[in-house]
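Written below as structure tokens is the structure these notes are about.
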Amino acid sequence: MASVELHDVVKRFGQTVAVNHVNLKIEDGEFLILLGPSGCGKTTSLRSIAGLEDVDEGQILIDGEVVNNKRPADRDMAFCFQQYALYPHLTAFENIAFPLRTQNMNHNEVNQRVREVGKLLKIEDIFPRKPKKLSAGDQQRVALARAMVRQPKVYLMDEPLSNLDAQVRVDMRAELRRLQINNRITTVYVTHDQVEAMAMADRIAIMDKGVLQQVGTPDDVYVSPANLFVANFIGSPSMNFIPCNYDAASHGVRIPVNGETILYRLPVNVKQSISDIQDGTELILGIRPEDVYIHTEPVDDGFDCQLVLMEALGSENIHHLQRGNLHFVSRTSPADVYPVGQSVWVTLETEGIRLFDRKTEAAI
Ligand code: ATP
């Protein structure tokens with residue numbers, strides 16, 4: 001096991017800065033997920049850790065030792081990538097055994113290790129089959145087993161579940177997480193799927209355009225996003241964003257809606273954190289859908305709007321609310337049903353209100 005550190009790492013491809021001054025420490029035994037949209041630099045970061053890319057600036061350290069000049073084979077890491085490239089002429093068993101055979105491990109030990117990992121991933125019954133006789137899910141399991149059969153310092157995984165059907169994917173993510181909790185091998189895992197990241201990670205590192213936006217536990221990044229990008233990327237439906245201006249006189253915000261202004265008084269906890277900002281400052285008020293409450297009668301501190309649509313998803317209802325140019329959603333339990341097409345009143349959970357600076361997009 002080992003820690004992995006990126007110190008001010010930069011990787012360019014021509015004019016493209018794929019990884020832009022990234023600083024990140026992955027603790028010994030941690031399951032860290034690199035998350036972000038396509039092209040944000042996740043894979044390049046992972047490949048740089050693996051030694052498959054030479055970085056242009058900065059250092060990669062494993063257990064405190066700089067490894068920039070070490071070949072991938074000398075970094076003691078096991079990879080599992082989206083394109084799992086099993087050897088077609090070898091059985092599932094021999095595919096898994098392959099990394100051990102290249103280490104000249106003795107026959108009995110190879111057998112024992114392959115059987116152990118096969119048992120963990122529940123694939124012993126497919127050991128005799130060659131890859132073309134395996135389903136995509138089983139091929140993926142064999143590829144994972146091949147990575148996990150060794151006891152490397154670090155596992156590096158790039159979208160290893162992306163070829164699987166939704167249900168198998170959910171099962172596998174739980175399986176993989178359980179295995180990592182048992183063996184505690186430091187794992188760096190790339191995905192663009194925020195649900196997968198929230199479900200599996202000890203911590204999530206969120207990237208955009210090569211820049212690390214925030215590193216934190218799933219709870220941290222959901223509850224206290226560092227900026228608008230993170231707030232928008234994490235959560236489904238995503239956070240509601242309401243453009244507004246600070247109103248110093250009332251310690252509230254002015255929300256412009258089709259020529260009129262709603263004055264929304266900020267709760268005490270929010271007021272304290274923004275006491276030094278100037279009147280008129282352009283803000284975005286962010287609120288998660290589960291923190292938007294609907295009422296059928298006028299209420300104090302509420303504002304009225306139209307309920308334009310309800311999506312009944314079985315485990316929850318998503319209500320779409322509109323007032324002029326303002327559109328936002330409320331998530332409720334399936335028991336809460338309100339009259340679509342009619343006026344309702346909305347209040348916001350005070351603990352759930354987040355303010356962002358509209359110019360810098362940073363959380364206040
Ligand atoms: P995806 O999920 O689509 O793989 P990603 O977040 O992993 O995206 P990277 O693959 O790391 O992103 O790519 C980051 C940027 O670097 C992108 O703009 C990509 O086009 C560019 N890039 C990556 N590899 C190369 C390469 N070998 N040559 C040129 N540009 C590259």
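Looking across region 221-238, the residues that are touching a residue at least 12 places away in the same chain (Cβ under 8 Å) and closer than 20 Å to residue 274 by Cα come down to 224, 225, 226, 227, 228, 231. Go through (1) aliphatic (A, V, I, L, M); (2) within 27 Å of residue 233 (Cα to Cα); (3) open to solvent by 70 Å² or more (accessible area, probe 1.4 Å) for residue 326 and report which single condition fails. Failed condition: (3).
Restricted to strands (runs of 3 or more DSSP E) entirely inside region 272-317, those with at least 3 residues that are more than 25 Å from residue 222 (Cα to Cα) and either among the charged types (D, E, K, R) or out of contact with any Pro (no Cβ under 7 Å at 6 or more places or on another chain) (or both) are 303-312. Of all residue pairs spaced 6 or more apart or on separate chains, none has beta-carbon atoms under 7 Å together with a first member in region 288-303 that is modelled with pLDDT under 90 and a second member that is assigned to a helix (DSSP H, G or I). Looking at region 346-360, is at least one residue assigned by TED's automatic domain parsing to the domain that holds residue 257, in a loop (DSSP other than H, G, I, E, B) and more than 32 Å from the chain's Cα centre (by Cα)? No, region 346-360 contains no residue that is assigned by TED's automatic domain parsing to the domain that holds residue 257, in a loop (DSSP other than H, G, I, E, B) and more than 32 Å from the chain's Cα centre (by Cα).
Among all positions in region 357-364, there is at least one residue which is of a type in the set (Asp, Glu) and surrounded by 15 or more Cβ atoms within 10 Å (Cβ to Cβ).
Checking each residue in region 53-71 for being more than 9 Å from the ligand (Cβ to nearest atom) and either buried (at least 16 other Cβ atoms within 10 Å of the Cβ) or within 20 Å of the chain's Cα centre (by Cα) (or both) picks out 55, 58, 60, 61, 62, 67.
Is at least one residue of region 35-52 on the phi < 0 side of the Ramachandran plot and more than 23 Å from the chain's Cα centre (by Cα)? Yes; the residues of region 35-52 include at least one that is on the phi < 0 side of the Ramachandran plot and more than 23 Å from the chain's Cα centre (by Cα). In the set (1) modelled with pLDDT of 95 or more; (2) of a type in the set (Ser, Thr, Tyr); (3) open to solvent by less than 40 Å² (accessible area, probe 1.4 Å), residue 217 fails one condition alone, (3). Among residues of region 43-58 that are free of Cβ contacts under 8 Å to residues at least 60 places away in the same chain and in the same structural domain as residue 160 (by TED's automatic domain parsing), those with a beta-carbon under 6 Å from a residue that is open to solvent by less than 30 Å² (accessible area, probe 1.4 Å) and more than 10 Å from the ligand (Cβ to nearest atom) at least six positions away or on a different chain give the pairs 51/75; 55/9; 56/10; 57/10; 58/9; 58/10. Of the residues 119, 133, 153, the single one that is farther than 16 Å from residue 81 by Cβ and within 26 Å of the chain's Cα centre (by Cα) is 153. Which members of region 187-200 meet the condition of being in contact with a Leu (Cβ under 8 Å, 6 or more places away or on another chain) and away from the ligand (no atom under 16 Å from the Cβ)? The answer is 187, 200.
Can you tell me how many residues within region 239-263 are more than 19 Å from residue 357 (Cβ to Cβ) and out of contact with any Lys or Arg (no Cβ under 7 Å at 6 or more places or on another chain)? Talk me through it step by step, then tell me what you get.
Just the residues of region 239-263 that are more than 19 Å from residue 357 (Cβ to Cβ), to begin with: 249-250, 257-263.
Keeping just the survivors that are out of contact with any Lys or Arg (no Cβ under 7 Å at 6 or more places or on another chain) gives 249, 258-260, 262.
Total satisfying the criteria: 5.
Those strands (runs of 3 or more DSSP E) of region 1-43 in which 1 or more residues are surrounded by fewer than 20 Cβ atoms within 10 Å (Cβ to Cβ) and either near the ligand (Cβ under 10 Å from one of its atoms) or not aliphatic (A, V, I, L, M) (or both) occupy 4-13, 16-26. Within the set 206, 181, the sole residue that is surrounded by 19 or more Cβ atoms within 10 Å (Cβ to Cβ) and either within 16 Å of the ligand (Cβ to nearest atom) or within 22 Å of the chain's Cα centre (by Cα) (or both) turns out to be 206.
In the condition set (1) at pLDDT below 90; (2) part of a helix (DSSP H, G or I); (3) within 16 Å of the ligand (Cβ to nearest atom); (4) not aromatic (Phe, Trp, Tyr), residue 175 is compliant with all but (3).
The values are calculated or read from the model by the stated rules, or taken from the named source; none is laboratory data. This is a predicted model, so every value here is computed, not measured. All Cβ positions, glycine included, derive from the backbone under ideal geometry; neighbour counts span all protein chains shown. Calculation scope for accessible area: heavy atoms of the full protein, side chains included, ligands and nucleic acids excluded. Shrake-Rupley method; radii C 1.70, N 1.55, O 1.52, S 1.80 Å.
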